[in-house]
Amino acid sequence: MIEIRNITKTYLNDDVETQVLKGVSFSVKDGEFVAIMGPSGSGKSTLMHILGALDTPTSGQYFLDGKDVSDLSDDELADIRRSKIGFVFQSFNLLPRATVMRNVEMPLLYSRVPKEEREEKAKAALISAGLSNDRFYHLSNQLSGGQMQRVAIARSLVNDPALILADEPTGNLDTKTGDIVLATFQKLNESGKTVVLITHEQYVAEHAERIIHIRDGVILEDKKNENRLVKKLQ
Amino acid sequence: MNLSDLFEETFFALFSNKVRSGLTILGIIIGIGSVVATLSIGQGVSNSIQSNIASIGSNLIMVTPGAQQSGLVRQSAGSATTLTLDDANAVQSQITDAQYVAPQISRSYQAVAGGNNENVQVIGTTPDYANIRSLNMLYGSFITNSQVTAIDPVAVLGPTTSDNLFGQGVDPVGKTVKINNVIFTVVGVTYPKGSSGFVNQDDMIVIPVTVAQHYLSGGNNVSSITIQAPNQQSIPLIQQEVTDLLLQRHNISNPQNADFTVTNEADIIATVSSITTTFTIFLASIAGISLLVGGIGIMNMMLTTVTERTREIGLRKAIGAKSRDITMQFLIEAALLTVIGGILGIIFGAAISALLSKFASVTTQVSAFSVALSFGVSAAIGLIFGYYPAKKAAQLSPIEALRYE
Ligand SMILES: Nc1ncnc2c1ncn2[C@@H]1O[C@H](COP(=O)(O)OP(=O)(O)OP(=O)(O)O)[C@@H](O)[C@H]1O
Ligand SMILES: [Mg+2]
């Protein structure tokens with residue numbers, strides 16, 4: 001699914017160069033559930049943006065499904081984001097004055113899916129993200145944090161991507177809601193989706209099959225998670 | 001994105017920001033509305049002036065006292081006293097090409113009949129005046145050549161004057177009217193023409209020119225001579241003959257020093273329409289400035305919108321929108337604002353011009369051209385002023401946009 005080779009990312013601001021990623025290499029197989037862990041400022045989000053085709057690396061190569069995407073144009077990257085990747089942001093990023101349905105349907109607008117099909121797909125995604133259907137037509141800023149995160153997950157699922165990337169999906173949630181979100185990711189992973197999750201919490205990372213530790217832009221450790229926590233949705 | 005989805009998104013975005021969209025639309029309404037209204041006033045005024053001039057009579061040549069200058073504009077035209085009745089008679093007898101010749105002395109006086117009195121324009125002239133002005137008689141007859149020769153104090157009234165002095169629908173022929181303490185016998189009333197031309201032809205009194213000179217103005221001067229040419233083609237020739245004759249009579253060898261002015265109707269129409277065109281352009285440029293301000297309002301609103309919705313743009317790009325999708329979305333938002341504003345503005349402008357012609361007695365005419373022009377301009381403004389913000393939005397990198405606070 002994912003293969004990155006010697007990825008670096010350098011930011012240039014006011015003639016000051018900051019190298020955030022200093023040669024990162026790993027691969028993720030189809031259907032894997034990987035957690036990327038590291039302290040604040042270690043470059044997790046930067047890495048995630050490159051994996052999510054939101055940004056391009058300064059050097060190194062990124063193969064997604066065997067295709068080199070490290071050097072594509074903006075519009076080609078947009079196509080990849082639309083068709084292959086579902087992104088869940090730490091801060092949800094929902095459209096505040098729009099309904100839940102409208103938010104979830106949005107990626108389908110850019111895939112030119114007709115309206116009725118859009119509604120069906122959005123409802124299916126919301127159900128698999130575990131949002132109760134009496135909330136579907138609420139405005140998104142009238143939801144609780146946990147509900148917002150489910151809407152964000154539903155939005156990442158709606159295009160049926162093979163890869164789901166989540167940047168600190170439980171960062172803004174209490175433990176109980178966080179657990180439900182983690183269970184949702186585990187369920188999605190069981191249904192065949194590749195999941196890459198970012199966190200700085202050991203507890204959250206332990207829900208993955210494999211944990212990659214990064215610090216200061218390099219990989220410290222990359223190993224199988226022996227005592228995996230498994231959550232079941234009730 | 002599909003076009004219908006794009007419009008739905010646009011309506012949603014505009015509707016989520018009702019106040020700001022409303023204010024932006026208002027700016028466009030005022031801009032477009034004032035363009036439509038001012039163009040309609042300009043158009044209406046120049047149409048009515050031209051038809052007024054045309055209704056004075058056709059193929060007319062006017063001789064007025066005072067030095068020749070370009071066009072209509074002369075200094076102290078009225079005060080010059082260089083034309084005499086003898087000049088008019090000479091033109092009448094020597095310029096055989098001329099169809100009708102009518103000298104005129106025109107001034108307003110207080111006219112009294114019974115208990116009524118009215119301030120009215122009194123025109124001293126000859127029988128040809130009726131032909132030149134196409135006057136028909138309601139009662140009695142027009143002044144005659146023998147009355148002119150005999151200096152008979154007779155008067156022909158306009159229908160409004162007759163109504164005002166003698167009462168509605170009364171035939172005043174044979175009654176008397178006192179003008180400047182001279183008693184005149186009414187010999188006729190003209191048929192109503194409506195208020196057209198520079199003189200209200202329904203509210204006037206016509207008397208023999210000799211009577212006007214003898215009893216009212218004194219002296220031998222006339223204030224103008226009107227000549228009707230038999231057709232359009234003969235106008236230049238007659239104009240030349242009249243000029244030559246009067247130069248000779250006034251003993252002036254250099255035409256540059258002429259103490260009279262010969263103009264024709266076409267010249268007057270050309271001058272007046274050039275004045276009204278200038279006037280219309282002046283009004284339209286003021287309106288155009290408000291349109292420009294409206295356009296800048298659109299750009300301002302769209303730039304604010306783009307800044308405010310930076311995160312939304314980042315999000316849309318993150319979930320797969322291409323630059324083109326974003327450009328189109330913001331461009332259509334801007335275009336929709338101006339088109340809505342444009343349509344309402346055209347209605348607003350048409351309403352203003354209708355109100356003006358109803359209550360301010362300004363003739364206005366909303367032409368298809370001005371509607372098409374302002375609609376085109378408003379759409380163009382939307383696209384031009386919307387393009388920069390739209391492009392700016394589309395060029396944002398998704399990550400930086402999402403990071404934006
Ligand atoms: N656009 C940028 N310009 C300059 N430096 C940047 C930019 N974006 C990120 N950085 C720097 O890169 C480093 C890594 O940032 P990143 O967001 O990847 O950290 P992170 O591991 O996700 O941290 P956190 O857990 O706090 O989210 C930080 O030191 C940050 O200052
Ligand atoms: Mg981060």
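Some observations on this one:
- 10 Å Cβ neighbours from other chains, averaged over peptide A:69-76: 2
- Our analysis of the range A:96-234 gives Rg over Rh at 1.00, with the two radii drawn from alpha carbon positions and Rh computed by the Kirkwood formula.
- Share of pairwise Cα separations in the range B:135-204, more than 19 Å, in percent: 31 percent
- For A:104-110, mean number of other protein chain Cβ atoms within 10 Å: 5
- Structure-based [θ]222 nm, the protein assembly as shown - -39500 (n - 2.57) summed over DSSP H runs of at least 4, per residue, nearest 500: -15500 deg cm²/dmol
- Here the contact order of the range A:2-224, divided by its residue count and restricted to Cα pairs under 8 Å and six or more residues apart, works out to 30 percent.
- By accessible area with a 1.4 Å probe, ligands and nucleic acids excluded, highest first: order of A:K44, A:K176, A:K115: A:K176, A:K115, A:K44
- Net charge in the neighbourhood of A:G171 (other residues with Cβ under 13 Å of its Cβ; Lys, Arg +1, Asp, Glu -1) is -3.
- For the residues of B:305-317, the average number of beta carbons from a partner chain within 10 Å of their own beta carbon is 3.
- Relative contact order (%) - criterion: Cα under 8 Å, at least six apart; region: chain B: 29 percent
- FRET efficiency for B:D259 and B:Q99, using Cβ-Cβ distance with R0 set to 22 Å, rounded to 0.05: 0.30
- For the range B:83-258, the spread of Cα positions along the three principal axes, ordered from largest to smallest, is 54, 33, 27 Å.
- For chain B, the fraction of 1.4 Å probe accessible surface lying on carbon and sulfur atoms is 59 percent.
- Stokes-Einstein D (µm²/s) once Rh is taken as the Kirkwood radius of the range A:176-234 over alpha-carbon pairs, at 37 °C in 0.692 mPa s: 267 µm²/s
- Of all accessible heavy-atom area on the range A:2-224, the percent that carbon and sulfur account for (1.4 Å): 46 percent
- log10 of Debye I(q)/I(0), alpha-carbon scatterers only, for the range B:245-365 at 0.13, 0.16, 0.21, 0.23 Å⁻¹: -0.80, -0.96, -1.22, -1.30
- Volume per residue of the C-alpha convex hull in the protein assembly as shown, rounded to whole Å³: 236 Å³
- Taking A:R155, A:R135, A:R210 and ordering them by how much accessible surface each has at a 1.4 Å probe, largest first, produces A:R135, A:R210, A:R155.
- Rg over Rh [alpha-carbon atoms, Kirkwood Rh] for chain B: 1.25
- Accessible surface for the range B:320-400, divided over its residues, is 47 Å² per residue with a 1.4 Å probe.
- Tail weight of P(r) past 28 Å, computed on alpha-carbon pairs of chain A, percent: 30 percent
- Peptides A:138-149, B:318-329 ranked from most to least packed, by the mean per-residue count of other Cβ atoms within 10 Å: B:318-329, A:138-149.
- Sorting B:Y404, B:Y139 by solvent-accessible area of protein heavy atoms yields B:Y404, B:Y139, largest first, with a 1.4 Å probe.
- Mean separation of Cα pairs under 8 Å and 6 or more residues apart, divided by the residue count, gives the range B:83-258 a relative contact order of 30 percent.
- Part-to-part distance (alpha-carbon centres) for the range B:287-366 and the range A:131-193, which is given in Å: 39 Å
The values are calculated or read from the model by the stated rules, or taken from the named source; none is laboratory data. These numbers were taken from a predicted model, which means no experiment stands behind them. Cβ sites come from the backbone with ideal geometry, for glycine too, and all protein chains shown count toward neighbours. Note: accessible area is taken over every heavy atom of the protein model, side chains too, but ligands, DNA and RNA are not part of it. Shrake-Rupley method; radii C 1.70, N 1.55, O 1.52, S 1.80 Å.
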